[in-house]
Amino acid sequence: LLPGMEPEEETNFEAEYDDGSSLGMAMGHKQVDDISEELCDGLPDTALRILAGLAEYLEPGMTPPVLAAAAVRALLLVPLEQDAEQLFQDIFARSRKVREMVVTGQIPVDFLRGVTQYPASSVTLRRMLARYESTDHARTCDLVEDFLVGELCEEGHSDQVILQHVLTRHLVLWMRSGGAAGGSKLGARAFQGIPENETVQRLRKVGEKLFEVSFLSQGGFVESEEPSSSSSCPWSDGSLDPGLLAKVPQTEDALALVRKILLKHLLSPSARETKDFVGVVHELARLWPLGRWSQCRDTKLIGEAFSWLTSCCRGLATLPGVGDLAGHQPPEHWKLERTAGPALDGAMLVGLGSRRQAEELLFNMMTDLEIWRLPPSELLTPWVPSQVLAAHVTAQCKELEDRQLALVDDARENLEEISRLNAVVAQLTSRLEATDARSNQCMQK
């Protein structure tokens, strides 16, 4: 069974449907036996045309669900598409057969636009998307772009039924592969050997849109939803390209996931085995803006990033001389260095680049972090540029000075308000005394 093709009973929405068996009894009518699905599928065109002539006399709420599905098919044959769509909307929520006919293509998928309020519409679309590998690529793009992203994303049930489903993970990877065989596992790695054409370009573009709307629902595509899956993280093995992170919604929850992905997966040294690798620091600087670190307020994430940059500074300090002639160390040496302690291999950090450039890049990245949020004990390290600490201390002093000036202004305004109120009280008191005096005079007279 393909992921996403699970029967509707497994979606826990069955309680929202009514198959019509109790409807007649509730309205005081006898229950009417329905036709079988085999008979519905095998009806010849002549019988369907006769049924189409009777369709206008059918009461949708009283018609058995399979017979009603056959009536929709008959109206499409005549063709009376508008009447067929109206009948489809009336029976969609209680007719399993009519939903199955959308999946098999007997009923136009455009009819789903009128029933998006029902969770069954998400189940139906998910079952259609589950056939992405055997379906025409343009049709798959239409289903994702026009229906999932364009229509159903506004409905809450689409998140639970489709976006959180493992099918979405497979679909994003497959689209980023350009529709390559095995693309649902290889992702962007499979795209490298495919000649790019118009269809492939559209698949990848629509895959970006699906990635954007499902990023939070899929938990950043970090862990597989399949319990038995032993596949590595798609960010670590290159199945998802880092450029996709630029498409992530600009919300704090989404950006927090991006930062975790950058620190734990994209900056992993396991993939740094290319001969012309420019260096860990230069690669880190290329990906760094994706995390929007200047907007980060999470102390834990700031601490992890600060620790990473501190380890890089320590690694650069171990290079002899200017360090640019140290040469490129093999990845095995990097792994040994990383497991031996917090220091990183300086030559691997620099790569084919310059040590001075690496130091400048690290300095610029540190200025994006609000390290003043960290406990003072974490800042007591010789591997942080003193200018960074001095700048943040100065910034704190400036911030405290601004706060003090604001408090002074508030105090001055409060004193002026108090003076004004005192004047009003004095004026009211004088009037009250004058009134009391006139009252006493009246009493004496």
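Quick notes on this one:
- Estimated FRET transfer efficiency when R0 is 22 angstrom, pair Ala181-Val222 (beta carbons, to 0.05): 0.30
- Residues Tyr132, Tyr57, Tyr118, ordered by accessible area of protein heavy atoms at a 1.4 angstrom probe radius and largest first, appear as Tyr57, Tyr118, Tyr132.
- The length gained by stretching the chain between Asn414 and Lys445 to full extension, at 0.36 nm per residue less their Cα-Cα distance, is 6.5 nm.
- The residues neighbouring Asp110, those whose beta-carbon lies less than 12 Å from its own, together hold a net charge of -4 under the Lys/Arg +1, Asp/Glu -1 convention.
- Less than 5 angstrom separates the built amide H of Gly279 from those of Leu352, all sequence-distant by 5 or more or on a different chain.
- Paramagnetic reach from Arg403 in region 352-373 [backbone N under 16 Å; point 7 Å along Cα→Cβ]: 371-373
- Simple spin-label estimate for Ser377 and Gln117 gives 5.8 nm between the two label positions (7 Å along the Cα-to-Cβ direction from each Cα).
- Counting Cα-Cα pairs of region 340-407 in 10 Å increments starting at 0 gives whole-percent bin shares of 16, 39, 29, 11, 5, 0.
- Sorting 58-70, 416-428, 134-146, 175-187 by average packing, meaning the other beta carbons within 10 Å per residue, from highest down gives 175-187, 58-70, 134-146, 416-428.
- Region 411-424 - phi-based ³J(HN,Hα) in whole Hz, Karplus 6.51/-1.76/1.60, Gly and Pro as x: 5, 4, 5, 5, 5, 5, 5, 5, 4, 5, 5, 4, 5, 5
- Residues whose placed amide H lies under 5 Å from that of Asp241, excluding near-sequence neighbours: Ala188
- Convex hull volume per residue, computed on the Cα atoms of region 57-167, equals 98 Å³.
- Three-way shape label, region 102-165, alpha-carbon gyration tensor, a/c 1.5: prolate
The values are calculated or read from the model by the stated rules, or taken from the named source; none is laboratory data. Fair warning: this is a prediction, and the values are worked out from it, not measured in the lab. Because the Cβ atoms are built from the backbone with ideal geometry, glycine has one as well, and the counts that use them run over all protein chains shown. Side chains are part of the model used for accessible areas, which takes the heavy atoms of the whole protein and leaves out ligands, DNA and RNA. Shrake-Rupley method; radii C 1.70, N 1.55, O 1.52, S 1.80 Å.
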